[in-house]
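Here's the structure we're looking at; comments come further down.
The values are calculated or read from the model by the stated rules, or taken from the named source; none is laboratory data. Since we're looking at a predicted model, the values are computed, not measured. Virtual Cβ from ideal backbone geometry, glycine too; neighbours counted across all protein chains shown.
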Amino acid sequence: MCLVWGEPTSSPRENLRNLLNFLAVDGELGFLESCHRDKREKIGKACLWLSSRSPPAESADLPVILAVSECWKKIDPAEIADDFLLIKNVGMNVVRIFLLWEDFQPEYGTVSAESLEKLVRVADIAEQQNLLLDVTFFTGHMSGPNWVPAWLLNGGPMKRPAYQVISGVNPGSGTPHVADEGYENFFESERVQQAQEVLLREVVTRLGRHAGVGIWNLGNEPDLLAVPSTPTAAQRWVARMTAVIRTSDPLHRPVTCGLHAPSLLESNNLRPHEVFVPSDLLPVIHGYPMYAAAIARRPLDEAFVPFLCALTAAMCRASLGADKDPALVAATLAEEFGGCTLPEPDQPSTHWEFATFGSVRRQFMASQQDFANFLELVLPLLVRVGARGAMLWCFADYAQDLYGVPPLDQQRHERHFGLVNADGTLKPHAEVIRRFAATRPLRRMDPATWEGQPDLSGMLSPYGGSLTRWYDEVAEGDRFIQLKALYERFCGAVGHS
């Protein structure tokens, strides 16, 4: 779910216009050219992933998010409408959804007409509820496993970054089939990229003028599905996929790619300034302090996600030409963050230990109130640092009858990231979001007012001010030390030391 800062409009078409004005990366958006652009334009955010209800036999009222493998197979429009209404009533206005690759492209070179029609129906419901969709392609990596269509498998051994590969379902039970074999790297394969172009072209063309769609997204943390061999390979892929979308979309909506913290802190060849700036993509970043113990000060470190946004924006600004407005092309959307909470509302925060993918994981589990307190600190800080908005992961906890199937069998913590408990009650942080949305926060359009902006000049000066040279020539460990020092200064600058 996503909350766009500011007052919602009554018309879905006007809502789309306002969002596009807000997210514009090049200032030229076709039918939007005559729209007024207020210098204190309102923004919003908070993202949840698409759910559908699957009521247990003993109750017809419990909202239950479907297993990943079922999301597009068992969509019920009435249940989607109920979920979207809840999202809207909490104060959000964008819903991030994921096109499971095997459902939308089960055969090479074709697109499932059935799944495409279901997607249109979901977009219709979004429009009816005055919501917008962030449509994420090539899913891909989701909650631990990597989900791939059968035609992508190559029969070789499973390799990192994959920890588990799922393709199709098991006959009879219909549960996800764990294939655990290798697959083609879409960053490197011409064959796969041609298929990806087909999927993009058909989906974008079908939804080209639909008022329920706000953002096109090239992938959810794509380096967890495949790693490009070089930064150049990543840029080529982004440029090629983006070109297909832009030639197919008459409304020229924003395009993005869901990068996460490792693009800033590690070496995955998907560097924010090289992915977002050359192709004029909307900068976004994903991050969880509870997953980043090496740099975050605590599992619910309220400054961590705002820092990731500020750092991404600083990196994009360092690569801009003089003709580019940083407020339009560098300001970053916190497209995914959140935390797993304990299922019992009154339990204190603790750690769980459980076996997953052949090892033992020790995972912080927040109390529901501690997570609400965390979110209450994060949201206003995102506004202060100039972020475009914030998307929260995710909509609903899973029902217990799904705990035995991937990804929930191995990833126990993934059962409990929702805004909504499995019994249908709202967690405390829903009220935090509602109160925050009611304040109608305003986006800071003047970059001079963005607080805590990291100064990269000292870090880059030995490399001629080039961020690319810094990535190329500084060892990953040394880069991390420099970024951690930037984080410490950021925390002090924003008053959260």
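Closer than 23 Å to residue 337 by Cβ, aliphatic (A, V, I, L, M) and either part of a loop (DSSP other than H, G, I, E, B) or in contact with a Gly (Cβ under 6 Å, 6 or more places away or on another chain) (or both), is that true of residue 264? Show your work before the answer.
Details: closer than 23 Å to residue 337 by Cβ: yes; aliphatic (A, V, I, L, M): yes; either part of a loop (DSSP other than H, G, I, E, B) or in contact with a Gly (Cβ under 6 Å, 6 or more places away or on another chain) (or both): no.
Criteria not met by residue 264.
Among all positions in region 431-442, there is at least one residue which is surrounded by 19 or more Cβ atoms within 10 Å (Cβ to Cβ), under 19 Å from residue 346 (Cα atoms) and in contact (Cβ under 8 Å) with a residue 12 or more places away in the chain. In region 89-130, of all residues being among the charged types (D, E, K, R) and part of a helix (DSSP H, G or I), the one that is farthest from the chain's Cα centre (by Cα) corresponds to 114. Residues in region 425-463 that are farther than 20 Å from residue 385 by Cα and part of a loop (DSSP other than H, G, I, E, B): 425, 427.
When residue 153 is tested against (1) at pLDDT 95 or above; (2) aliphatic (A, V, I, L, M); (3) surrounded by 18 or more Cβ atoms within 10 Å (Cβ to Cβ); (4) touching a strand residue (DSSP E or B) at 6+ places or on another chain (Cβ under 6 Å), exactly one condition is not met: (3). Would you be able to say whether some residue in region 396-412 is modelled with pLDDT of 95 or more, crowded, with 20+ Cβ neighbours inside 10 Å and closer than 18 Å to residue 302 by Cβ? No, region 396-412 contains no residue that is modelled with pLDDT of 95 or more, crowded, with 20+ Cβ neighbours inside 10 Å and closer than 18 Å to residue 302 by Cβ. Of the listed requirements (1) surrounded by fewer than 20 Cβ atoms within 10 Å (Cβ to Cβ); (2) of a type in the set (A, V, I, L, M); (3) in a strand (DSSP E or B), residue 166 misses just one: (1).
Out of the residues in region 469-481 meeting the condition of being part of a helix (DSSP H, G or I) and exposed (fewer than 14 other Cβ atoms within 10 Å of the Cβ), tell me which one is farthest from the chain's Cα centre (by Cα).
In the first step, residues of region 469-481 are kept if they are part of a helix (DSSP H, G or I); the result is 469-473, 476-481.
This time we only want the ones that are exposed (fewer than 14 other Cβ atoms within 10 Å of the Cβ), so: 469, 472-473, 476-478, 481.
On the way: 469: 28, 472: 27, 473: 30, 476: 25, 477: 26, 478: 28, 481: 26 Å.
The extreme case among them is 473.
Test residue 358 against the stated conditions and say whether it is surrounded by fewer than 22 Cβ atoms within 10 Å (Cβ to Cβ), out of contact with any helix residue (DSSP H, G or I) (no Cβ under 7 Å at 6 or more places or on another chain) and more than 26 Å from residue 458 (Cβ to Cβ). Taking the combined requirement at face value, the residue satisfies it.
Identify, please: which residue in region 60-95 is small (Gly, Ala, Ser) and in contact with a helix residue (DSSP H, G or I) (Cβ under 9 Å, 6 or more places away or on another chain) and is, among those, modelled with the highest pLDDT? It comes out as 81. Among residues of region 175-186 that are of a type in the set (Phe, Trp, Tyr), those with a Cβ under 6 angstrom from a residue that is modelled with pLDDT of 95 or more, sequence gap 6+ or separate chain, pair up as 183/148; 183/152; 183/153; 183/154; 186/192; 186/226.
Could you tell me whether residue 182 is in a strand (DSSP E or B) and more than 18 Å from the chain's Cα centre (by Cα)? In short, yes.
Taking the criterion of being assigned to a loop (DSSP other than H, G, I, E, B), within 23 Å of the chain's Cα centre (by Cα) and hydrophobic (A, V, I, L, M, F, W, C), the residues of region 297-327 that qualify are 300, 303. Annotation note: of 298, 362, the sole residue that is among the basic types (Lys, Arg), closer than 25 Å to residue 160 by Cβ and without any contact (Cβ under 8 Å) to a residue 60 or more places away in the chain is 362.
Restricting attention to region 352-385, the residues that are over 17 Å from residue 336 (Cα atoms) and of a type outside the set (D, E, K, R) add up to 16.
Taken together, the residues in region 379-408 that are in contact with a strand residue (DSSP E or B) (Cβ under 9 Å, 6 or more places away or on another chain) and farther than 30 Å from residue 455 by Cβ amount to 8.
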